[in-house]
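Working notes, structure below.
The values are calculated or read from the model by the stated rules, or taken from the named source; none is laboratory data. The structure displayed is predicted, hence computed values, not measured ones. All Cβ positions, glycine included, derive from the backbone under ideal geometry; neighbour counts span all protein chains shown. For accessibility, only protein heavy atoms count, side chains too; no ligands or nucleic acids. Shrake-Rupley method; radii C 1.70, N 1.55, O 1.52, S 1.80 Å.
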Amino acid sequence: MKFSRRALFQTTAVSALAKPGPASQTAVMGRSFRGEALREIAFPLGGIGTGTVSLGGYGNLRDWEIFNRPNKGGVLPFTFASMRVSGGGLPKPAIRVLERQPLPPFSGGFGAHREQGLGLPRFREAVFTGAYPFAQIQFQDARAPYVVSMEAFNPMAPLDTAASSLPVAVLSYRLTSRAPSSMDVAVAFSAMNPAGYDGKSKLYGSMADRKAPFFGANVNELRSEGTLHGVFMTSKKYKTDSSRYGSMALATQANDFSCRLAWEHGAWWDDYQKWCDEFLEKGRFSNAPAGPSADGSTEYSTLAVHFKLAPGESRLVDFVLSWHFPNVENYGAPADAQDRVVRNHYGTVWPSAWEPALHVLRNLPSLRGRSLRYRNALHGSTLPPAVVDAISSQASILRTNTVMVAENNLTLAFEGCGDNEGCCPMNCTHVFNYEQAIAHLYPDVERSMRETDFLVNMRPDGSMSFRTPIPLVKGGNNIHPAADGQMGCVMKVYREWQISGDDEWLRRLWPEVKRALEYAWVKWDADRDGVMEGEQHNTYDINFYGPNSMMGTLYLGALTAASRMARHLGDKDAADSYEALRASGGDRLDKLLWNGEYYIQKVDEAREGAAKYQYGEGCLSDQLLGQWFAEVVGLEKLLPPSHLRTALQSIFRYNFRPSFEDFPNPQRIYAINDEAGLLLCSWPKGKRPALPFVYSDEVWTGIEYQVAAHMIYEGMIKEGTAIVEAVRARYDGRRRNPWNEVECGHHYARAMASWSLLTAFSGFRYSAPGREMRFRPRHGSSPFRCLFTAGASWGVYSQTLTRHRLDAQVAVEEGQLELNALRVPSPGPTVKVDGSVPIAASVEHGEIIARFQGPLRLTGGEKLTLSATAR
């Protein structure tokens, strides 16, 4: 597929350290879309573990997934923002929905959907720009005597899980007059009261849009606190422990407002007609109270803000949409457990939807400013635009129904989302080997999964349940363990310890970590030679038989990570044993599997089941999975460096396809026609099995990001970037939604491997136990700038490097960073180093090691600067 980098990734860069301004002054940053590219956009808005509602490319709200389950295509009828304008030279008042005109086709048997308000005037064009967690829309229509723009976001502050877990979407509309005289304006937001909704049924397509059996006794209540006003929507039909129980709120801050708490009823489409007439003719609503709805029906409400707009004047109107549906239907559990409702964590934090709405309105400048600092830091980096886009967009996955947080902060995550229910529950160890975004952005959310892995899902024999049943059961389920998942979990414990520096947490898990690792000697490496040979269940949902480097490098990585943890905890015998086995195992694996270009599988044909679903002589894209993970967590090379690089070159040469037009694929299709992508496996030397492992002809974005990041770690910038650009070109708004990379379901967790692109390009490593931070940028640009997260702090690193001089800066945005040492590139073998604090410096392997007098502590707003001149 041919694509223009400039066209795909138009980004307006601002300084990563720029101070965020009000909505009217915010720079537009991110990837922009218009016309046909708006069709598939659905930008998720919500908190961690709260579910989301998505902002469509037109400015519409779609995919209402706030009811504890996915709901692709789900629409709440007559839920939209609109405006009424009079004066300003207009011959008569006019109303307009604050959305772009929809694109064809309009192929319904009964016409276009009236329930989405499509019969009202809209804007002719829109430009949608997304830089998660912010989306901005510039509506365009030369006929209108005003200009309208929109901003939508959900609060997102790295490392602050509470502030990032608010069940809200903030929707702001800015109107600017270009009329010759003053205008009277009303901006109105209408919404269905959804309390009682099952989260999946179709709510439109007939004249009885308000009616469904799960509705009844729905109440819309006007609430005001000072200048904060809103509509609180609930139902008296359900008890507080029902999965149907809950509330929604729509709130704003205004001096002049009005509302209608229930649209006037009537036959046919009288409700909507009367609302349109009232809004057009009167321009405001009566604020009259409304009683509960009849059983089997609900109500619509409208909240409006009123103001005058002088010629050239601008006005911003903020709406906060909030929700509270605290009880999760346990639909993925065995039949005998499905009636046990699971309470989600945010449902225990807030008593209803009203309180988070007020909290956000009262703290909007702070929440918005903190979210903008994160956006600006990431999108103000000097990484390639497609890479920034991949990192940013896929961080949205942790806001979707892929990730649930149950009460007591228990993280429970699907692999992805089907259209109406989660896919493949829960906390799948092998899929979450790839995910890196949660671990670095919200370490406490990630640590919860490790505690479940090792303190709940471990069995007496040392095997680990690779899925987590709900409710939790000691030992998990009775399914076979996954070799890749279990070894990966050992490496993940090491990662979490390095990020947190929490020795007590590590000690608590350590006995189970040892058992998990040493179970390999029972199941997968019975002869303890450092190479797995046994039946190895894995992320391809099949078993590999015989040695292969995908499982092998994860095993070597687990041995390496465990040896470091053991030595830190004083478990010398274990550390020595693991180190020796890792060394001999690496040598043996390399000699056994290296074919001169890449690592192969030695199929154990004597094993029952080995006759199919293997890869043998194939070139597997995941063949160095454990080495990629080792790079991310700061471990050494597990195999000969020259072989690693050659293998990556072979993966790119043989598995990356610029087009799939002539490629036969009987499996699932994630790249098609002229699209480019990375195959999971190829057989360049022939000998493709008659039935290779399932999924072998597919293209998975999570593996593409893993391979691309590993290439970048090895200096293969051009190849790694080409893979990332191919992914993001497939998700262009016209073909697919840029904020929803799919695999086995929507918002697939493996795609959060994209975060490793950031660590790869920056060469970032951080050890909280050692209080040491390292940057070794692999991107050729100078100056270089990128975001970093470091356990208890986050900020921006920047440097300018020439042949003779380095100027570097670590700027902490939030939290506290403690450092004993900082490693950065050196401009020469010997240097003179100056800094903003006293520094003792040396040069090793092309790096300056700057050591401080005691732990250096930097808090939000503070900076460390360092300058080095070659002698």
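May I ask you to list the residues in the stretch 526-536 that are over 18 Å from residue 575 (Cβ atoms) and either surrounded by fewer than 24 Cβ atoms within 10 Å (Cβ to Cβ) or free of Cβ contacts under 8 Å to residues at least 40 places away in the same chain (or both)?
The answer is 526, 527, 529, 533, 534, 535.
Do any residues in the stretch 537-558 that are more than 21 Å from residue 587 (Cα to Cα) and part of a helix (DSSP H, G or I) have Cβ atoms under 7 Å from those of residues that are modelled with pLDDT of 95 or more and open to solvent by 10 Å² or more (accessible area, probe 1.4 Å), where the two are at least six apart or on different chains, and which pairs are they?
Taking only residues 6 or more apart or on different chains, not a single pair turns up.
I need the full set of residues from the stretch 640-663 which are within 17 Å of residue 712 (Cα to Cα) and among the hydroxyl-bearing types (Ser, Thr, Tyr), in order please.
642, 646, 650
For residues that are in contact with a strand residue (DSSP E or B) (Cβ under 7 Å, 6 or more places away or on another chain) and in a loop (DSSP other than H, G, I, E, B), scanning just the stretch 792-829, find the one that is nearest to residue 776 (Cα to Cα).
826
Quick check, is residue 861 open to solvent by 30 Å² or more (accessible area, probe 1.4 Å) and in a strand (DSSP E or B)?
no
Can you confirm whether the stretch 562-581 contains a residue that is touching an Asp or Glu at 6+ places or on another chain (Cβ under 7 Å) and either modelled with pLDDT of 95 or more or crowded, with 23+ Cβ neighbours inside 10 Å (or both)?
Yes, the stretch 562-581 has at least one match.
Condition (residue is open to solvent by 10 Å² or more (accessible area, probe 1.4 Å), among the aliphatic types (A, V, I, L, M) and either within 21 Å of the chain's Cα centre (by Cα) or modelled with pLDDT of 95 or more (or both)) applied to the stretch 682-692: is it met by at least one residue?
Yes, the stretch 682-692 contains at least one residue that is open to solvent by 10 Å² or more (accessible area, probe 1.4 Å), among the aliphatic types (A, V, I, L, M) and either within 21 Å of the chain's Cα centre (by Cα) or modelled with pLDDT of 95 or more (or both).
For a quick check of your reading: which helices (runs of 4 or more DSSP H) sit entirely within the stretch 399-515 and have at least 1 residues that are charged (D, E, K, R) and either touching a Ser or Thr at 6+ places or on another chain (Cβ under 8 Å) or more than 29 Å from residue 770 (Cβ to Cβ) (or both)?
Because the criterion is at least 1 residues that are charged (D, E, K, R) and either touching a Ser or Thr at 6+ places or on another chain (Cβ under 8 Å) or more than 29 Å from residue 770 (Cβ to Cβ) (or both), the helices (runs of 4 or more DSSP H) in the stretch 399-515 that meet it are 443-455, 483-500.
Give the stretch 731-753 a look and list any residue that's in a helix (DSSP H, G or I) and either touching a Ser or Thr at 6+ places or on another chain (Cβ under 8 Å) or of a type in the set (Gly, Ala, Ser) (or both), or say none.
Matches in the stretch 731-753: 749, 750, 751, 753.
Does the stretch 337-379 hold any residues that are open to solvent by less than 70 Å² (accessible area, probe 1.4 Å) and not in a helix (DSSP H, G or I), and which are they?
Those that are open to solvent by less than 70 Å² (accessible area, probe 1.4 Å) and not in a helix (DSSP H, G or I): 341, 342, 344, 350, 352, 353, 363.
Any residue at all in the stretch 187-194 that is open to solvent by less than 70 Å² (accessible area, probe 1.4 Å) and not in a strand (DSSP E or B)?
Yes, because at least one residue in the stretch 187-194 is open to solvent by less than 70 Å² (accessible area, probe 1.4 Å) and not in a strand (DSSP E or B).
Hey, does the stretch 651-663 have a residue that's touching a strand residue (DSSP E or B) at 6+ places or on another chain (Cβ under 6 Å), closer than 24 Å to residue 544 by Cβ and among the hydroxyl-bearing types (Ser, Thr, Tyr)?
Yes: one or more hits.
A quick yes/no check of all residues on (1) without any contact (Cβ under 8 Å) to a residue 60 or more places away in the chain; (2) open to solvent by 10 Å² or more (accessible area, probe 1.4 Å):
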| site | (1), (2) |
| --- | --- |
| 387 | no, no |
| 397 | no, no |
| 423 | no, yes |
| 437 | no, no |
| 447 | yes, yes |
| 452 | yes, no |
| 464 | yes, no |
| 471 | no, yes |
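Would you point out the residue of the stretch 539-556, among those that are open to solvent by 10 Å² or more (accessible area, probe 1.4 Å) and not aliphatic (A, V, I, L, M), that is nearest to the chain's Cα centre (by Cα)?
Ranking the qualifying residues of the stretch 539-556, first place goes to 541.
Quick one: how many residues across the stretch 763-811 are in contact with a Pro (Cβ under 9 Å, 6 or more places away or on another chain) and of a type in the set (Lys, Arg)?
Going through the stretch 763-811 one residue at a time, the tally reaches 4.
Name the residues in the stretch 830-852 that are in a loop (DSSP other than H, G, I, E, B), over 39 Å from the mean Cα position of the chain (by Cα) and in contact (Cβ under 8 Å) with a residue 24 or more places away in the chain, would you?
The answer is 830, and nothing else.
Out of 813, 847, report the one residue that is modelled with pLDDT of 95 or more and open to solvent by less than 20 Å² (accessible area, probe 1.4 Å).
Every option except 847 fails the conditions.
Going by the structure shown, is residue 246 closer than 21 Å to residue 175 by Cα and among the small types (Gly, Ala, Ser)?
For residue 246, the condition - closer than 21 Å to residue 175 by Cα and among the small types (Gly, Ala, Ser) - is not met.
Take the residues in the stretch 289-323 that are among the charged types (D, E, K, R) and part of a strand (DSSP E or B), then tell me which one is nearest to residue 165 (Cα to Cα).
318
Has the stretch 197-214 got any residue that is under 17 Å from residue 258 (Cβ atoms) and either touching a residue at least 40 places away in the same chain (Cβ under 8 Å) or assigned to a loop (DSSP other than H, G, I, E, B) (or both)?
no
Looking at the structure I just gave you, is residue 484 open to solvent by less than 20 Å² (accessible area, probe 1.4 Å), among the acidic types (Asp, Glu) and closer than 15 Å to residue 464 by Cβ?
yes
Which of (1) more than 22 Å from the chain's Cα centre (by Cα); (2) among the hydrophobic types (A, V, I, L, M, F, W, C); (3) within 25 Å of residue 792 (Cβ to Cβ) is the odd one out, the single condition residue 456 does not satisfy?
Failed condition: (3).
Taking the stretch 248-271 as the region of interest, how many residues are under 30 Å from residue 360 (Cβ atoms), touching a helix residue (DSSP H, G or I) at 6+ places or on another chain (Cβ under 7 Å) and either in a strand (DSSP E or B) or at pLDDT below 95 (or both)?
Residues that pass the stated criteria total 3.
Take residue 782 and decide whether it is under 19 Å from residue 381 (Cα atoms) and among the small types (Gly, Ala, Ser).
yes
If you check 152, 157, which single one turns out to be among the small types (Gly, Ala, Ser), within 30 Å of the chain's Cα centre (by Cα) and not in a strand (DSSP E or B)?
Step by step, each of 152, 157 is checked, and only 157 is among the small types (Gly, Ala, Ser), within 30 Å of the chain's Cα centre (by Cα) and not in a strand (DSSP E or B).
When residues of the stretch 304-333 are filtered for being open to solvent by 50 Å² or more (accessible area, probe 1.4 Å) and of a type in the set (Phe, Trp, Tyr), how many remain?
The qualifying residues number 0.
Within the stretch 604-649, restricting attention to residues that are over 30 Å from the mean Cα position of the chain (by Cα) and assigned to a helix (DSSP H, G or I), which residue is nearest to residue 562 (Cα to Cα)?
Selected residue: 641.
Does the stretch 112-130 contain at least one residue that is farther than 30 Å from residue 215 by Cα and either acidic (Asp, Glu) or over 33 Å from the mean Cα position of the chain (by Cα) (or both)?
So far as the stretch 112-130 goes, yes, one or more of its residues are farther than 30 Å from residue 215 by Cα and either acidic (Asp, Glu) or over 33 Å from the mean Cα position of the chain (by Cα) (or both).
Tell me, please, whether a residue that is among the small types (Gly, Ala, Ser) and under 28 Å from residue 437 (Cα atoms) can be found in the stretch 829-844.
Within the stretch 829-844, none of the residues are among the small types (Gly, Ala, Ser) and under 28 Å from residue 437 (Cα atoms).
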